[in-house]
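The values are calculated or read from the model by the stated rules, or taken from the named source; none is laboratory data. Every value quoted in this text rests on a predicted model; they were computed, and no experiment measured them. Positions of Cβ are generated from backbone atoms using ideal geometry, with glycine treated the same way; all protein chains shown enter the neighbour counts.
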Amino acid sequence: MDPLIDDPYLAFEQGSEAFHRCEKFRHMEIGGHAALDWGALEEVNEAARARGFIGHDQWRILIGVSRSGQR
């Protein structure tokens, strides 16, 4: 159960952007995110290859990868 479900501070207008953001955070899995460890990639000489397939538009690609893992 969500202990903050009835908290007036989080009572956003249903359908608003703030409401959707709050819902997103309430249902977010802690530890369910992935990240690249650039230090580890550097150690095994794979950072350049990783940068090559991520390309210049890194954020758009990484956000797409993150979203592909959503349920």
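Quick notes
- Odd one out for residue 63, checked against (1) assigned to a helix (DSSP H, G or I); (2) modelled with pLDDT of 75 or more; (3) surrounded by 10 or more Cβ atoms within 10 Å (Cβ to Cβ): (2)
- Among the residues of region 24-52, the one identified as modelled with pLDDT under 85, of a type in the set (Lys, Arg) and under 30 Å from residue 12 (Cβ atoms) is 26.
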